[in-house]
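Enquirer: For reference, the structure I am asking about is given below.
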Amino acid sequence: MIFRQLFDAVSSTYTYVLGCESSHDAIIIDPVFEQHARDTALLRELKLQLKYSIDTHVHADHVTGSWLMKDAFGAQIVLSDVYQATGSDISPEHGLVFAFGQYSLTAKATPGHTDGCFTYVTNDKGYAFTGDCLLIRGAGRTDFQSG
């Protein structure tokens, strides 16, 4: 699997690009609005066809770039309808699978940090993308914005 972890220093958030080497289908997780040019350049450099732009959750410090990814690549936006955002294409449900080439991610509802948090687990269970549900040496706060 093609795997890239990208960091935005201003928001202290991570974006992930996952791709299939054979089909060149790809997924981006938690794209940051201000990093659209960086992410777009990487996707084009790797010759990836973006199928999904997935947001694990919504907070003021996570200004999503998913709508830009939809405009640039036609990617479907995956975002929980708990947030009542307009323009998303798919509201994940627990157990829903998102395939990209020979790989896939399974949506796991993980409310706590926010009501609409989802974790996405690779088909080999080698990676789990938790957004702010789990952090390095910690967990996301649960005391504000529907936590």
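Enquirer: Could you give every pair whose Cβ atoms fall below 7 Å, whose first residue belongs to segment 45-58 and is at pLDDT 95 or above, and whose second residue is polar (S, T, N, Q), counting only separations of at least 6 or pairs across chains?
Expert: If the second residue must be polar (S, T, N, Q), the pairs left are Lys51/Gln76; Tyr52/Gln76; Ser53/Ser66.
Enquirer: Pull up segment 71-90, narrow it to residues that are open to solvent by 70 Å² or more (accessible area, probe 1.4 Å) and modelled with pLDDT of 95 or more, then point me to the one that is nearest to Thr106 (Cα to Cα).
Expert: Only one residue tops the list, namely Gln76.
Enquirer: Moving on to the next point. Does Asp143 fit the bill of being at pLDDT 90 or above, more than 16 Å from the chain's Cα centre (by Cα) and either closer than 18 Å to Thr13 by Cβ or assigned to a loop (DSSP other than H, G, I, E, B) (or both)?
Expert: Details: at pLDDT 90 or above: no; more than 16 Å from the chain's Cα centre (by Cα): yes; either closer than 18 Å to Thr13 by Cβ or assigned to a loop (DSSP other than H, G, I, E, B) (or both): yes.
Answer is no for this residue.
Enquirer: All but one of (1) farther than 19 Å from Phe118 by Cα; (2) outside any helix (DSSP H, G or I); (3) open to solvent by less than 70 Å² (accessible area, probe 1.4 Å) hold for Lys47; which doesn't?
Expert: Unmet condition: (3).
Enquirer: Regarding Ser11, is this residue farther than 17 Å from Thr130 by Cβ and polar (S, T, N, Q)?
Expert: Taking the combined requirement at face value, the residue does not satisfy it.
Enquirer: Given the options Glu21, Glu34, Glu93, name the one that is over 19 Å from Gly126 (Cβ atoms) and in a loop (DSSP other than H, G, I, E, B). Reasoning before the result, please.
Expert: On the way: Glu21 fails: over 19 Å from Gly126 (Cβ atoms); Glu34 fails: in a loop (DSSP other than H, G, I, E, B).
Step by step, each of Glu21, Glu34, Glu93 is checked, and only Glu93 is over 19 Å from Gly126 (Cβ atoms) and in a loop (DSSP other than H, G, I, E, B).
Enquirer: If you check Val10 against the conditions, is it without any contact (Cβ under 8 Å) to a residue 40 or more places away in the chain, touching a helix residue (DSSP H, G or I) at 6+ places or on another chain (Cβ under 8 Å) and not in a strand (DSSP E or B)? Even if it seems obvious, please write down each step before you answer.
Expert: Working: without any contact (Cβ under 8 Å) to a residue 40 or more places away in the chain: yes; touching a helix residue (DSSP H, G or I) at 6+ places or on another chain (Cβ under 8 Å): yes; not in a strand (DSSP E or B): yes.
Judged against the criteria, Val10 is a match.
Enquirer: Sticking with this structure for a sec: Scanning for something open to solvent by 40 Å² or more (accessible area, probe 1.4 Å), at pLDDT 95 or above and under 13 Å from the mean Cα position of the chain (by Cα), does segment 91-105 turn up at least one residue?
Expert: no
Enquirer: Can you pull out the residues in segment 1-27 that are open to solvent by less than 10 Å² (accessible area, probe 1.4 Å) and of a type in the set (Gly, Ala, Ser)?
Expert: Gly19, Ala26
Enquirer: Hey, Asp30 hits all of (1) open to solvent by less than 60 Å² (accessible area, probe 1.4 Å); (2) without any contact (Cβ under 8 Å) to a residue 60 or more places away in the chain but one; which does it fall short on?
Expert: All conditions pass for Asp30, except number (2).
The values are calculated or read from the model by the stated rules, or taken from the named source; none is laboratory data. Note that this is a predicted model, so its numbers are computed, not measured. Virtual Cβ from ideal backbone geometry, glycine too; neighbours counted across all protein chains shown. Each accessible area value is taken on the protein alone, full model and side chains, heavy atoms only, with ligands, DNA and RNA left out. Shrake-Rupley method; radii C 1.70, N 1.55, O 1.52, S 1.80 Å.
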